[in-house]
Amino acid sequence: MREYLKKYPYLFAVPLITVLILFLFVQNEPEEAEPMVFTTQSSVQETEQSSSEWYVDVKGAVNKAGMYRINPGMRLMDVIDLAGGFTAEADQNQMNFSKLLADQEIIYVPRIGEEVSVSHEAPNKETAAKTVEKININTADVDELQ
């Protein structure tokens, strides 16, 4: 065998180099890229809504008004506790403590004797649809279009 290697050294070197080159190229092959997933606007909103953190803005008769990070499924009383509880002048009779909270909602705690006429809750599609009256733009006068 030694005589054969001395007489024909390139016969073993060429296959060895070829195997090394193939080995290097096989290891450096790029990995397959994951396919891109295109989503619609509604699925993006659902993903955002299902994220683990939501934020609500607490105002009015609470000890520490401000923006609070909440988790889906939290109720009004949970965020009132986060805000340090009610002040002595808070009108708790106007509050629904068991209300489920939504992302980007404004929580306003009125003071005793204060009447809140404007809804401070985050707008929702069902409520907005009920308050808007449809008109026929072909037959409506100027006042109706306003």
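The values are calculated or read from the model by the stated rules, or taken from the named source; none is laboratory data. Note that the structure is predicted; figures quoted are calculated from it, not measured. Positions of Cβ are generated from backbone atoms using ideal geometry, with glycine treated the same way; all protein chains shown enter the neighbour counts. Only protein heavy atoms, including side chains, enter the accessible area calculation; ligands, DNA and RNA are left aside. Shrake-Rupley method; radii C 1.70, N 1.55, O 1.52, S 1.80 Å.
State the extension gain, in nm to one decimal, for the chain segment bounded by Asn138 and Gln104, taking 0.36 nm per residue of separation less the distance between their alpha-carbons.
Length gained between Asn138 and Gln104: 8.5 nm.
Just the accessible area for Met77, please: 1.4 Å probe, Å², rounded to the nearest 10?
For Met77, the solvent-accessible surface is approximately 60 Å².
With every protein chain present, what accessible area does Asp57 have (1.4 Å probe, heavy atoms only), rounded to the nearest 10 Å²?
50 Å²
Given points 7 Å out from each Cα along the Cα-Cβ axis, report the Tyr8 to Asp78 separation in nanometres with one decimal.
7.9 nm
Quick one: order Phe86, Phe23 from most to least accessible surface, probe 1.4 Å.
On the way: Phe86 35, Phe23 115 Å².
Sorted descending by solvent-accessible area, the residues read Phe23, Phe86.
As a test of reading the structure, rank Leu82, Leu24, Leu101 by solvent-accessible area (1.4 Å probe, protein chains only), most first. Walk me through the numbers on the way to the answer.
Working: Leu82 80, Leu24 100, Leu101 10 Å².
Highest to lowest solvent-accessible surface, that is Leu24, Leu82, Leu101.
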